[in-house]
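The structure under discussion appears below in the form of structure tokens.
Any read-out appearing in this document is the output of simple, stated calculations on the displayed coordinates, not a laboratory observation. The structure displayed is predicted, hence computed values, not measured ones. Backbone-built Cβ (ideal geometry, glycine too); neighbour counts: all protein chains shown.
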Amino acid sequence: TMSFQLPNLPYNFEALEPHIDSKTMQIHHGKHHAGYTNKLNAALEGTDMEGKAIEDILKNLDVNDSAVRNNGGGYFNHCLFWEIMGPNCGGNPKGTLANSIDKSFGSFDEFKSKFSTAAATRFGSGWAWLCVDSEGGLEVCSTANQDNPLMPGECGKTPILGLDVWEHAYYLNYQNRRPDYIEAFFRVVNWDAVSEKYNKGKEL
Ligand code: MN
């Protein structure tokens with residue numbers, strides 16, 4: 001069939017401990033992401049969107065179609081989220097991405113501060129993003145709920161780093177301490193994976 005599949009995590013559930021706990025990863029991947037995937041497939045069945053790439057579905061979304069908006073965003077956002085984290089990661093980006101971060105934000109620390117503020121000040125549920133444009137320029141933005149930068153009405157650039165700030169992403173370990181979770185996220189960012197997305201994204 002042409003339906004979307006829940007991707008396997010590229011590491012074990014406990015691989016991101018102590019920064020992101022195993023129980024949260026199990027529920028987040030096995031219940032939340034699985035739910036978005038199944039509901040997306042159900043929403044697409046029999047429509048002309050069936051069989052299209054998820055990026056095309058999001059870019060051409062009818063924003064009033066809440067089933068595809070919420071579950072298509074949820075499917076894509078979590079696929080990206082798992083890919084840009086990993087064990088023995090964190091630190092600073094290197095190479096072209098590092099240079100572009102310096103050019104766009106002044107320094108890595110200034111980027112980190114801007115991204116962390118976007119994540120901390122997103123009221124309720126949503127995501128913080130780092131996006132690239134076709135010329136390699138970078139921008140920080142945030143979206144509500146499961147919305148995504150590719151959707152109509154958002155920045156329209158290609159997301160290369162995303163942080164889930166729904167309570168389901170951190171509440172078991174951090175309760176109301178979202179800023180601590182944001183700081184912990186930077187200990188598990190896989191900058192090699194983000195660099196790969198940067199290099200692909202700037203050519204789109
Ligand atoms: Mn989530």
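Here are the numbers for this structure:
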{"quantity": "Percentage relative contact order, the chain, counting C-alpha pairs under 8 Å, at least six apart", "calculated": "25 percent"}
{"quantity": "Contour minus Cα-Cα distance for Ser3 and Gln175 (0.36 nm per residue)", "calculated": "58.4 nm"}
{"quantity": "Low-density loop cleavage sites - trypsin sites (Lys or Arg not before Pro) in region 1-70, where at most 15 other Cβ are within 10 Å (DSSP)", "calculated": "Lys52"}
{"quantity": "Full-extension gain in nm, Asn199 to Ala98, via 0.36 nm per residue minus C-alpha separation", "calculated": "35.2 nm"}
{"quantity": "Rg and Dmax [Cα atoms of region 22-138; Å; Rg one decimal, Dmax integer]", "calculated": "16.9, 48"}
{"quantity": "Nearest-0.05 FRET efficiency for Ser66 and Phe108, computed from C-beta distance (R0 35 Å)", "calculated": "0.40"}
{"quantity": "Förster radius 45 Å - calculated FRET efficiency between Phe186 and Thr47 (Cβ-Cβ, nearest 0.05)", "calculated": "0.70"}
{"quantity": "Of Lys114/Lys200; Lys39/Lys59; Lys39/Lys112; Lys112/Lys200; Lys31/Lys202, pairs whose Cα-Cα distance is over 28 Å", "calculated": "Lys39/Lys112; Lys31/Lys202"}
{"quantity": "For region 123-173, the fraction of alpha-carbon pairs in successive 10 Å shells from zero, as %", "calculated": "27, 49, 19, 5, 0"}
{"quantity": "Region 1-102, relative contact order [Cα under 8 Å, separation at least 6], %", "calculated": "33 percent"}
{"quantity": "Geometric extent, Cα atoms of the chain - Rg, Dmax (angstrom)", "calculated": "16.3, 48"}
{"quantity": "Loop-located trypsin sites (Lys or Arg not before Pro) in region 91-160 whose Cβ has at most 16 other Cβ within 10 Å (DSSP)", "calculated": "Lys94"}
{"quantity": "For Cys155, net neighbour charge (Lys/Arg +1, Asp/Glu -1) across residues whose Cβ lies under 10 Å away", "calculated": "-2"}
{"quantity": "J(HN,Hα) series, region 3-10, from Karplus relation 6.51 cos²θ - 1.76 cosθ + 1.60, nearest Hz, glycine and proline x", "calculated": "6, 6, 10, 5, x, 5, 5, x"}
{"quantity": "Region 91-143: proportion of alpha-carbon pairs further apart than 18 angstrom, %", "calculated": "31 percent"}
{"quantity": "Total charge dipole magnitude, region 71-204, about the Cα centre, Cβ charges on Lys, Arg, Asp, Glu only, Debye to nearest 20", "calculated": "140 debye"}
{"quantity": "Stretch in the chain that is longest and holds no GluC sites (Glu not before Pro) that DSSP places in a loop and that have at most 10 other beta carbons within 10 Å", "calculated": "1-134"}
